[in-house]
Each structure stands twice: as structure tokens, then as C-alpha cells.
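*Asks:* I am attaching a structure below and will ask some questions about it afterwards.
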Amino acid sequence: MPGTPRGTSRTAEELATQPANWRTAAALAEAAAPALPRRGERVAVVGCGTSWFMAQAYAALRESGGHGETDAFAASEFPAHRQYDRVLAITRSGTTTEVLDLLPQLKAPTTAITATLDTPVHRAAGQIVELAFADERSVVQTRFATTALALLRAHLETEGALAPGVRPVRQAAEDAAAALAEELPAHWAAAEQVSFLGRGWSNGLALEAGLKMREAAGAWTEAYPAMEYRHGPVAIAAPGRLVWAFGGLPEGLAEQVAATGAELVADGLDPLADLVRVHRLAVATAEARGLNPDEPRALTRSVVLH
């Protein structure tokens, strides 16, 4: 699996632009700041599918960096009784029904991060941050989602504090370039099952990695907080299966995984850059199964309910 995307898959072409997209987002962070959560605000972040998992990652990053209490919800599950200083919505298409239903009901100021121009979310949200340069033709999200998170992460940098151990976005982009260039082991695409593990903000990335493999390739994947993995899920680890860790592993877990015969994937890449490797693996797994990653089963680019 060479670093240059093979074939004509739109998904492969789009995921390869992520390092450049993140650098662009980092450069926009200061200009976008007036529309984004301010330090000390109590914030809720909402989205659907991939956007919800990016919301979870950002919420953990923001709160652990000392910027203020931050919750993340699927848009359909927002607790109407809670009070927030700001609600941030992430929606690539700007047309997702649950997000559009929620925003007009809120009393708090609202901001939406979207990839589109002049869509319904522009009229539903109080403020808009447009990332049109990261929009996608693909059904399966890759670059928009990570670019939205890169923007929010860079905004935390401009406010003067990142969570311990979190690198600046420009360093993450360098790691993403390395993740695109490296040769992925061919047998990974044939893995029977993959369990993704995360800690802190990277738990949202683990959930997204599992979703990406299911969407693009119909793969059997699961995702857990790394400390929770021992509490039952490790029972499915076996030869021919992968355990993929974003960020550091709890002490002793590597040895426990090794004892099962499963292959552990864990290295020093920035967790967001490691997600780029999963994007590549999702495409490769789909192709190995004779599937088209651009036409995932039963999915559309946006969920619009009538």
C-alpha cells in the first residue's frame, strides 16, 4: 500500500490532502476566533456520526486544557434542560436534519462549522465558520472532519493552552504527511477484526476510526477507552486480528494483547495523524474486498429526514 493513493477512488484522493488542509486551518484559527468558544465559557458541541466523534475529541481537548467545561452530544440527544454559554455544531453538509432541528430551539449563542456555502445551517446558526477548502465529494468523511478538529485544536493554541502532551497542529500535519508516505503492511487489510482504543481526547478518534472502517469497508470493528478494554472486550483479541491504540497504552496492556496473539498497532504518531492511517486502511480494506469506498452500502453524503 504505497503512500500515493492508488486507483481512482475519490476517498483516497481527498484523504491525501489532509496535511495541507490542517495547515490552512491552523492559519485561519485566529480569524475564526470571534465565532468560536471563548476561554471560560460553558460549551456544548453537537454533531451526527463522524461530526459527533470530532465533537467528543474537541470537548475532551478543550476541557483538559483548562478552557472550560465542555460537553459533546449527538444532535438528536441534546439535553434541552441544560444551560450553556455557547453551542457549537459541526456539520459538513449543512443539511443534517437533527442539527437543523436543534439549532433554532437553543437560547445560547450558536456557531456552526461547515464545508458548504449557503445551505440551511447558515440560516439556523448564529455564526458560521466555513471550511469550503476541505469539502468532499465522498460519502465517507475524512478531510473535513479532521480539518474541523485541527481548526478547533489550533484555536485552543491561540488561546494559550493545550492539554498536556498535545502537539501543535503544524506538528500533527508533519506526522500526517509521514502517515501518508509510509508503507502499510498488506496483511492489515485482511485482518478479521480491529479494535480501536483511545485515551482522553483520542477516545473520540478511536470511535471515529471504527466507524470509518465499517462505513468504507463493512469491516468488523469496535472501539473502547483503553482502560476499559480489559473489562471484557479483550476476550475477542486473537491471531489475525488487530488492536490499534491511539496515544499511549495503559501499563501492562501491550503484554496482555500479545498473549492473545493479536497484533498491536501503537506508535508515536500524533493521534490525529494516526487516524489518517486508518483512512488509508479503510480504503485498502474496501478494495481488497472488491468494494468501492466511494459507494458505501446504505449511506448517503447527508442524512436528510423527510
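*Asks:* Hey, rough spin-label estimate for Glu183 and Ala258, points 7 angstrom out along Cα→Cβ, what's it come to in nanometres?
*Replies:* It is 2.5 nm.
*Asks:* Let me ask you something else. Taking only the C-alpha atoms, wrap a convex hull around region 49-102 and report its volume per residue in Å³ as a whole number.
*Replies:* In region 49-102, the Cα hull volume divided by residue count equals 79 Å³.
*Asks:* In Å², and per residue, what accessible area does the chain have when probed at 1.4 Å with the other protein chains present? All intermediate terms of the calculation are to be shown ahead of the outcome.
*Replies:* Values: 12250 Å² over 306 residues.
Ligands and nucleic acids excluded, the result is 40 Å² per residue.
*Asks:* Place a +1 charge on the Cβ of each Lys and Arg in region 1-130 and a -1 charge on the Cβ of each Asp and Glu, then give the dipole magnitude about the Cα centre in debye, rounded to the nearest 20.
*Replies:* Computed about the Cα centre, the dipole is about 140 debye.
*Asks:* How high is the FRET efficiency from Ala238 to Arg297, r the C-beta distance, R0 30 Å, rounded to 0.05? Let's see the in-between values first.
*Replies:* Details: r = 26 Å, r/R0 = 0.87.
The computed FRET efficiency comes out at 0.70.
*Asks:* Related question: If packing is taken as the mean number of other Cβ atoms within 10 Å per residue, what is the order of 225-237, 133-145, highest first?
*Replies:* Packing order, densest peptide first, comes out as 133-145, 225-237.
*Asks:* Restricting the count to DSSP beta bridges whose residues both fall in region 36-191, what percent are antiparallel, rounded to a multiple of 5?
*Replies:* 0 percent
*Asks:* Related question: Carbon and sulfur atoms: what percent of the 1.4 Å accessible area of region 230-306 do they account for?
*Replies:* Answer for region 230-306: carbon and sulfur cover 55 percent of the accessible area.
*Asks:* Here's another thing I want to ask about it. Would you please put 31-40, 95-104 in order of how densely packed they are, using the mean number of other Cβ atoms within 10 angstrom per residue and starting with the highest?
*Replies:* So the order, starting with the most tightly packed, is 95-104, 31-40.
*Asks:* For the chain, just the Cα atoms, rotate onto the principal axes and tell me the three extents in Å, largest first.
*Replies:* 52, 42, 35
*Asks:* Right, here's the next one. Take the solvent-accessible surface of the protein heavy atoms, probe 1.4 Å, and return the percent of it on region 1-83 that carbon and sulfur atoms account for. Can you show the working numbers first?
*Replies:* Numbers: 1810 of 3480 Å².
On region 1-83, the fraction of accessible area on carbon and sulfur atoms equals 52 percent.
*Asks:* Compute the distance from the alpha-carbon center of region 85-112 to that of region 167-236, in whole Å.
*Replies:* Centre-to-centre (Cα) distance: 28 Å.
*Asks:* Okay, next question. Could you please state how large a percent of the accessible area of region 124-168 is carbon and sulfur, counting protein chains only and using a 1.4 Å probe?
*Replies:* Here it works out to 46 percent.
*Asks:* Continuing with this model, one more query. Sort 121-132, 159-170, 16-27, 83-94 for me by packing, meaning the mean count of neighbouring Cβ atoms within 10 Å per residue, highest on top.
*Replies:* Those peptides, ordered most packed to least, come out 83-94, 16-27, 121-132, 159-170.
*Asks:* Pop the C-beta distance of Ala27 and Glu222 into the FRET formula with R0 = 35 Å and round what comes out to the nearest 0.05.
*Replies:* FRET efficiency, Ala27 to Glu222: 0.45.
*Asks:* Extension gain Ala108-Leu305, at 0.36 nm per residue separation less the Cα-Cα distance, in nm?
*Replies:* Value of the extension gain: 68.4 nm.
The values are calculated or read from the model by the stated rules, or taken from the named source; none is laboratory data. For clarity, every value in this text was computed on a predicted model and none was experimentally measured. Every residue, glycine as well, gets a Cβ built from its backbone with ideal geometry; the counts of neighbours run over all protein chains shown. Side chains included, ligands, DNA and RNA excluded: accessible areas come from the protein's heavy atoms. Shrake-Rupley method; radii C 1.70, N 1.55, O 1.52, S 1.80 Å.
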